[in-house]
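I have placed the structure first, in the form of structure tokens, so that the comments after it can refer back to it.
Every number here is computed from the coordinates shown, using simple stated rules; none is lab data. All figures in this text were calculated on a predicted structure; none of them were measured in a lab. Here the Cβ positions follow ideal geometry from the backbone for every residue, glycine too, while neighbour counts run over all protein chains shown.
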């Protein structure tokens, strides 16, 4: 069935397409049954079309019949009318003929009274006909007047219509009989139609009062119409005017809200308020007696218009426009004087409004509108989603109020009406705009805070995930090992214009990849700071549209406004900057709070972890430390948001040189805005140091734990595994007989392998996190913690030395000498000489002395006196040899040890003499002659020194590798990671 139906449909389509040979192709392609089915469908379609045609023709024919009948009726009606007119003409002609022949009949005196009566009756008839004609014409004239917005003229016509109805006794509601209504029933319908004009005119007049673009004269005429129709007083007219304007304000506020139309709505609202006061002055204010009038500032239009309309002076009586229209009509002369000179009257006298009443009424109206306007504009400003849009609305209001049409005579009008100036911006709009600005700023920084938190959490999760060595995770590997990032090459290491643009002329927002490496800003930190800075930049640019465009001008110059300026657009610039500053600081504090939460969780995990250095949480801790350290530098717009105008005059990358020391009795003035920026940087540094403290504690705990285990092993094999080569020294002693005896002693010249392994691992860990940028405080805390843990290990050794266990050897003199040498060496390397650590160092020194006394108790006192000078000499030379090897740990105060005066040049032939102070390159060992003396010079910041030190270290390492190949320089020891610039020559 389906196949048959489809075949029939295909055949029918082919038939509809037609064309030559269509029928033949049908017979060729389809069977007979299919062709018959197609024939039936075609015939059914033809019958359907015929039926439709019959119905259409029938309807048309019916319409034609009805039209013909109507035409026939109209023809008959016209013939009857023509016959009636002809009969009237014939009767009139007969009457004239009879009247003309009367004087010839010889009876003129007798017929004269009758003629006079006929003439009077005709005049009465014509007067009545003229009144009826005017009554029939008035509705059309009223509609025409209303269409042209001439409501006062329409009111006069309506009152004239009412007067005509009274004269013609057309009051159908009364009980008295009206012969005119009996003769002309159509007038009853006319009276009923005219009764609606009063409400219509009143409605249209009050609608016109809501319009702010109409002229003062049109408003005066609309108020006069209402007063004439309602019989109200000028005070009631004032109330109607103000209520209409209040309704217009509410209607304007209730319009559909669109982002592009908010500016127009606010400007229309301000214009409506100003126009209302101008028109109130023009309509209701009356000049005191004796004060000359100002043509540019009209007043009292309502009373002058009322005087013109209701004046009883004979020359001005009558409706002027009606006279002009009807005086050309032949029936005008038959109108009675009460109609031709009709003048509307007021029910009450129109006394002028006193200034006190006008002032009180307007003030109440302003107070009543203020709440509606505030709530309405607040609702409107919700649809403004940017500060640029807010500034555009403010500027549009300023241009409107500053325009000549709006500002001219404004002060005079306010003084006359309210006895005080009125400021729309300061009193009404400014706080609303500030509230919306605060809301937008808060929402913007809340979004920045939430997105920063999400990015922070995602970064922490990625750092704690397992990372492979694929190229996709290369940046994550850089986060795990900063040294691999520092020594990787990237096309962005140098800016493309580095060859022809100097650093001084480069933009402060342009940072090369090499500078990022020099300051150990990892790719993840750069990405986070870049995302945050771009959002701050967008927010700052949006807010700058609300502030003065020129920030380089002084504050007083910015406040200079044009003479005719309506208000100071930038009077609240300080408040706006403070809002930006407070919200920006709150955003950073929120991010810091998230950082503290992550650090607290990481600290809890690392405290209970045996191998904290391989725990993924340690990477999160280091990321948080670098992030807090880098935010102030890699987010230059953060500084601009906080410093405001002062942030544009300072360079982001370059800090000022330190000022001279302030003399006694003088206090340096502190800028409170810069103080807030400094406080924020201190909070960032504090959190960064807290994160580094967690890392340093974990490093010290893990590394010193292995050292302590090696230290406490008392088996012979373990002791020999950590032993190093001793030096054989020939000494000369004097016997009791006075002769000299030469003997040889052996003393340690190198620390134990466990000590070297501890320091080596410590350097590796410091280098892995970018040791050249590690804060000095963190490094000091790391060394202090390590030394504390080392002393704890020695104390355990002293506590367990008396125990006798199987296979454990007692402490011998040689082992005591090696342990003493190790302890003194660790004390020199790991002890800092900072004033901040002075109290804890004194406490530590007492513990060291206690352990030294314990180890010296195992050494023969006579041998100890002989060994001590040589032991000290070996120790000094060891410290100098390893000062570069462990340069990241020893610091500037221990790295450059001065020569001992009692040592000869032969003893120092293999020690590189180092400069006693470093001016620019604190991380590089610079040689100098022993006689040369230099003066120390310190810079206020270490940023450039770090960059130059890193770049020179990079070149210095490759140079040393090159010289090593040629045999000029022998690099004996090199720490496994290339980021640590430490050699022994």
Taking Cα centroids, how far is region 227-247 from region 772-791 in Å?
-> 87 Å
Potential extension, residue 446-residue 686 segment - 0.36 nm per residue separation minus Cα distance = 84.0 nm
Hey, with R₀ at 25 Å, roughly what FRET efficiency would residue 293 and residue 363 work out to, going by the Cβ-Cβ distance, to 0.05?
-> 0.50
Provide 126, 153 in ascending order of the number of other Cβ atoms located within 10 Å of each residue's Cβ, fewest first.
-> 126, 153
Packing-based exposure ordering (other Cβ within 10 Å, fewest first) of 146, 56 | 56, 146
Mind jotting down the distance between the C-alpha centroids of region 335-396 and region 420-466, whole Å?
-> 37 Å
Roughly speaking, what is the stretch gain from residue 311 to residue 741, that is 0.36 nm per residue apart minus the C-alpha to C-alpha distance, in nm to one decimal?
-> 139.8 nm
How do 293, 286 rank when sorted from fewest to most other Cβ atoms within 10 Å of their own Cβ?
-> 293, 286
Residue-span extension gain [residue 461 to residue 402] - 0.36 nm each, minus C-alpha spacing | 15.5 nm
For region 203-287 the mean separation of alpha carbon contacts under 8 Å (6+ apart) over residue count, i.e. relative contact order in percent, is 34 percent
At a Förster radius of 56 Å, what calculated FRET efficiency corresponds to the Cβ-Cβ distance of residue 23 and residue 79, to the nearest 0.05?
-> 0.35
Label-point separation (nm) for residue 92 and residue 217, each offset 7 Å from Cα along Cα-to-Cβ?
-> 4.3 nm
Shape of region 216-301 from its Cα gyration tensor (a ≥ b ≥ c, root eigenvalues): rounded if a/c is under 1.5, otherwise prolate when a/b > b/c, or oblate?
-> oblate
When the Debye formula is applied to the Cα atoms of region 727-810, each taken as the same point scatterer, what base-10 log of I(q)/I(0) results at q = 0.21 Å⁻¹?
-> -1.05
Per residue, the convex hull enclosing the Cα atoms of region 143-300 spans a volume in Å³ of 164 Å³
